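One structure is given here, and the rest of the page talks about it.
The values are calculated or read from the model by the stated rules, or taken from the named source; none is laboratory data. This is a predicted model, so every value here is computed, not measured. Every residue, glycine among them, receives a Cβ derived from its backbone with ideal geometry; neighbour counts consider all protein chains shown.
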């Protein structure tokens with residue numbers, strides 16, 4: 001606000017328009033702004049226009065050619081090469097590139113975060129009232145006439161608003177620069193655009209999980225095309241053959257990432273075409289399939305419909321088929337006795353060996369959320385009756401299992417401490433034969449009297465007592481945790497602020513593995529050393545999940561406090577991927593700069609705090625049928641009886 005006001009004041013005083021040409025009087029006020037912001041403000045506020053080109057329509061390398069309904073009325077042919085995972089676009093150039101407009105990124109100079117949102121040409125902007133600027137000028141002149149200065153509090157408040165405006169504008173511009181185009185249309189955002197690191201690895205690809213905060217940010221800003229294109233293009237990738245060492249996973253598997261490549265056309269060395277090259281885990285470190293990709297895809301699909309009002313996408317036959325393929329893959333019968341989803345290590349955001357194989361909380365929370373979203377979007381038809389019945393049964397069983405067996409607080413901890421072992425009976429209290437000696441000394445000291453959380457993993461004779469942030473936060477958002485449990489999780493975050501937030505939000509897990517435990521569980525992973533990366537590192541992208549969870553429980557002040565902590569460093573540190581050390585004081589030793597989901601996570605958190613009602617596109621609630629069915633499960637549990645009268649309907653738990 002101060003920056004904008006000073007710009008107008010200079011104009012009113014007869015000065016030239018040097019808003020971005022100098023630091024004005026901000027340095028005199030003791031407030032340093034990142035030089036990157038000023039460099040960016042000197043540039044024109046337009047996105048680089050992607051030139052239209054003609055995609056040649058000949059066959060691609062003996063691949064299979066499929067005709068699919070086009071996006072925005074354009075027919076596309078997709079060539080699925082047998083073992084390459086390449087999507088070739090065979091489309092004619094469009095006259096206009098839909099989606100991100102040339103002026104859509106920033107708009108006017110005069111930005112005030114305290115004003116209400118207004119929508120102009122589909123882009124959300126905020127404008128500083130000109131009368132407010134004149135008032136500031138008059139106030140300044142009155143102070144000069146009487147030889148006094150405004151109060152320090154007034155100056156600092158205005159300066160702080162100006163600084164935050166710079167940070168948000170820089171974040172939006174960086175997010176726009178990360179957009180990836182395919183045949184002239186935006187289809188996603190790359191993982192990071194770090195020009196300081198020559199080793200690209202796969203950070204130049206579009207990851208489904210990484211795009212989630214970017215997609216939500218674009219939806220909240222009213223830019224729907226990029227999300228729609230992303231949903232439809234990744235759907236086409238789902239149907240390809242995925243093979244590693246002669247073995248193929250289930251058909252419903254969504255890719256971890258994809259990349260737009262320009263390849264020469266067969267038979268013509270002078271011609272090229274664009275293809276989408278998908279990775280289903282065949283090229284990933286550790287060769288692990290991304291279980292969470294399909295779950296995030298369903299959650300984003302629902303958010304798109306709720307935010308844009310365009311339900312035609314989720315009603316399409318190919319989208320409905322894609323949803324069913326993911327559900328069938330997740331709901332397939334196996335040997336497991338538990339309703340939780342059984343996965344290998346590294347199959348979610350923590351994509352390296354960290355001892356989360358089995359039934360990690362993060363996957364269960366996303367699984368539950370995706371089931372609720374799919375249940376809401378599935379078209380009623382006779383062929384879906386069995387699938388919907390299985391989905392309902394799994395929802396009830398999963399919610400009961402997580403709420404009952406994953407929950408830990410001081411009372412439950414004391415109960416585990418007194419467990420009897422080797423119980424052989426149908427009504428055993430210690431159903432999973434947990435040995436009390438598993439309770440770590442750190443947990444006894446760390447657990448607050450008020451608060452609790454859902455443990456990281458549960459298997460026979462094993463409870464992973466580590467606090468995993470994403471799993472707990474999304475359990476609140478998806479309603480997997482009860483209302484009391486959700487408040488208790490936020491109580492614990494407040495009580496353990498110095499451990500989970502400290503100098504940079506938010507710890508991905510707590511505590512870190514170290515010593516012999518780190519050697520055995522991670523295999524002495526040099527990237528996951530104690531308090532680094534996935535082993536207790538601090539990840540700014542988790543701000544948006546924290547914000548949604550706090551808004552759902554009507555406690556946004558917790559998220560606002562965390563955002564305030566992050567704002568002190570994120571822009572200055574060039575938007576790192578993660579932070580190291582127990583308090584999050586250092587930029588991660590292998591952290592990429594200008595990490596897209598760090599940028600997008602901050603923007604989503606800021607928008608939702610200013611407009612909490614928008615969080616409803618991500619929040620899911622149980623309906624009365626599920627609540628009654630869950631009450632049936634509780635009543636059937638020999639350990640405790642609670643809740644309303646059981647439903648007359650029968651559910652398998």
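Odds and ends about this structure:
- Qualifying residue in region 532-548 (condition: farther than 26 Å from residue 600 by Cα and part of a loop (DSSP other than H, G, I, E, B)): no
- A single entry from 379, 374, 385 fulfils the requirement of being over 23 Å from residue 452 (Cβ atoms), assigned to a helix (DSSP H, G or I) and in contact (Cβ under 8 Å) with a residue 12 or more places away in the chain: 374.
- The lone exception for residue 532 - which of (1) out of contact with any helix residue (DSSP H, G or I) (no Cβ under 7 Å at 6 or more places or on another chain); (2) not assigned by TED's automatic domain parsing to the domain that holds residue 585 it fails: (2)
- Single residue of region 210-232 satisfying the filter (assigned to a loop (DSSP other than H, G, I, E, B) and touching a strand residue (DSSP E or B) at 6+ places or on another chain (Cβ under 8 Å)) that is surrounded by the most Cβ atoms within 10 Å (Cβ to Cβ): 223
Residues are listed down the side, and each one gets a yes or a no for (1) touching a strand residue (DSSP E or B) at 6+ places or on another chain (Cβ under 8 Å); (2) within 27 Å of residue 552 (Cβ to Cβ); (3) outside the structural domain of residue 554 (by TED's automatic domain parsing):
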| residue | (1), (2), (3) |
| --- | --- |
| 432 | yes, no, yes |
| 435 | no, no, yes |
| 440 | no, no, yes |
| 464 | yes, yes, yes |
| 469 | yes, yes, yes |
| 484 | no, yes, yes |
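- Options 454, 492, 458: the member that is farther than 24 Å from residue 616 by Cβ and touching a strand residue (DSSP E or B) at 6+ places or on another chain (Cβ under 7 Å): 492
- The one condition in (1) touching a residue at least 60 places away in the same chain (Cβ under 8 Å); (2) surrounded by fewer than 19 Cβ atoms within 10 Å (Cβ to Cβ) that residue 409 fails to fulfil: (2)
- Test: residue 428 is under 30 Å from residue 374 (Cα atoms) and free of Cβ contacts under 8 Å to residues at least 12 places away in the same chain: no
- Of all residues in region 555-572, those satisfying the criterion of being assigned to a loop (DSSP other than H, G, I, E, B) and closer than 19 Å to residue 165 by Cβ are 568, 569, 570, 571, 572.
- Each residue in region 591-631 was checked for being modelled with pLDDT under 95 and outside any helix (DSSP H, G or I), and 4 pass.
- Residue 565 vs. criteria on the phi < 0 side of the Ramachandran plot and either surrounded by fewer than 21 Cβ atoms within 10 Å (Cβ to Cβ) or out of contact with any strand residue (DSSP E or B) (no Cβ under 8 Å at 6 or more places or on another chain) (or both): yes
- Considering 305, 252, 267, 286, the condition of being in contact with a helix residue (DSSP H, G or I) (Cβ under 9 Å, 6 or more places away or on another chain), touching a residue at least 12 places away in the same chain (Cβ under 8 Å) and assigned by TED's automatic domain parsing to the domain that holds residue 232 is satisfied by 252 alone.
- Applying the set (1) assigned to a helix (DSSP H, G or I); (2) buried (at least 22 other Cβ atoms within 10 Å of the Cβ) to residue 235 leaves exactly one unmet item: (2).
- Each residue in region 402-430 was checked for being closer than 22 Å to residue 364 by Cβ and modelled with pLDDT under 90, and 1 pass.
- So residue 250, is it more than 20 Å from the chain's Cα centre (by Cα) and within 29 Å of residue 369 (Cβ to Cβ): yes
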